[in-house]
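Notes follow once the structure below has been shown.
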Amino acid sequence: IRKTQIVDIKVVVETCEEQYYEKVCECGCVNNCEAPNCRIKYGDNLRALVTYLNVVQCIPFKRIAELISDLSGQNISEGTVQNILKENSGKADSAYEEIRKRLETASVVGADETGAAVGKHLHWNWIFQNDLLTYVFQSESRGQKAIDSKFPKGLSYSTLVTDRHQSYFKMNVKDHQVCLAHLLRNAEYLNELDSNQNWSRRFIQLIEHSINLRREGNITSRKIKVLKTKMKNLLGESLTHLDNEFEKFKRGILKVKDYLFTFLSNPSVPYDNNASERGVRKIKIKQKVSGCFRTDGGADDFAKLHSIAETAMKNGNSKFNAILAVVQQ
């Protein structure tokens, strides 16, 4: 009458014995094969699982060791977990560098940064990404020094989508697009600060109108010109009679006024930087779970492996399989 399928998984531990020999030639020379110094080695699947649990699922070392023990009966130490991550990070170097190189020639790149503790010190995790690539790295600096360490020649082929952090505007890029979602939030704050004025409401209306033009596909050069003229007039108004926050906001917008509507002329450019913000969210999750990265090396390892897993996902591939491919090198 009816059929049903039952899907289950089974954790099976496979143990293989490797035997190493030596041979004495007729000449008397003793030949030994290269053998590891350790008594037990861990296979590719286990090493990939450990890496996946830490990097993708953000599980701490101790809980990974407990999980492996509970599921398989195989006891591994926190030190082993750390060593596995370090070794796999080294194997990921070439793929990580390839992601960086491809971003250098990308037409659109989004960027963002977020604070992350390394030991007792505040470091910064930077992300440069687009629809197909994710490149994350950590640095002690939140300034131009950090960017130059990875992109010394800038991104000369790219329209860079960011917030208004000044370091991004010192880069050598083809063009910029300021995140309009940030500006809308800032303007909403001004609405709440003074509900009797209408300057910030008119600013919001112009920004939302530009976004609607994009969504409706109803963009013409004339409409862009009219929009820019209205914004220029709005930014030319005196706000000295209002709270200092209004003038401060206007000065900030004037610095990036040429990059408000880039997305209207280039359909590949998004009008917000939400993708980059989502990209660094994993760093915040990692911080909440573990508190901090213990060392610079650990922070670098996480950023590198996270970049590869996220890039794989963006290209329709399994994060676990991408990590397994790194392990098997």
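Every number in this text was worked out from the coordinates using simple rules, so none of it is lab data. Bear in mind that the values here come from a model prediction, so they are computed numbers and not experimental data. A quick note on method: Cβ atoms are made from the backbone with ideal geometry, for glycine too, and the neighbour counts reach across all protein chains shown.
A few points about this structure:
- The local environment of Phe320, defined by Cβ-Cβ distances under 14 Å, has a net charge of 0 under the rule Lys, Arg +1 and Asp, Glu -1.
- Residue-averaged 222 nm ellipticity for the chain, from DSSP H runs of 4+ at -39500 (n - 2.57), nearest 500: -16000 deg cm²/dmol
- Each residue in Tyr20, Tyr189, Tyr42 was given a count of other beta-carbon atoms within 10 angstrom of its own, and listing them fewest first yields Tyr20, Tyr189, Tyr42.
- Of the residues Met313, Val12, Ala299, the one whose Cα sits farthest toward the positive end of the charge dipole of the chain, with +1 on the Cβ of Lys and Arg and -1 on the Cβ of Asp and Glu, is Met313.
- Extension gain (nm, one decimal) between Glu140 and Ser238, 0.36 nm per residue minus Cα-Cα: 31.3 nm
- FRET efficiency, 1/(1 + (r/R0)^6) with R0 30 Å, evaluated for Asp93 and Arg39 via beta carbons: 0.60
- Estimated dipole of the stretch 222-305 in Debye, rounded to 20 [Cβ of Lys and Arg +1, of Asp and Glu -1, Cα centre]: 340
- Remark on Val173: its backbone amide H falls under 5 Å from those of Leu155, a criterion applied only to residues 5 or more positions apart or on other chains, H modelled at 1.01 Å from N.
- Each Lys or Arg adds one and each Asp or Glu takes one away; over the other residues whose Cβ falls under 13 Å from the Cβ of Leu46, this sums to -1.
- Taking other residues whose beta carbon is less than 14 angstrom from the beta carbon of Arg202, and scoring Lys, Arg as +1 and Asp, Glu as -1, yields 0.
- Neighbour cut-off at most 12 other Cβ (10 Å), DSSP loop, trypsin sites (Lys or Arg not before Pro), the stretch 169-202: none
- Each of the peptides 3-11, 217-225 was scored by the mean count of other Cβ atoms within 10 Å over its residues; in descending order, highest first, they stand as 217-225, 3-11.
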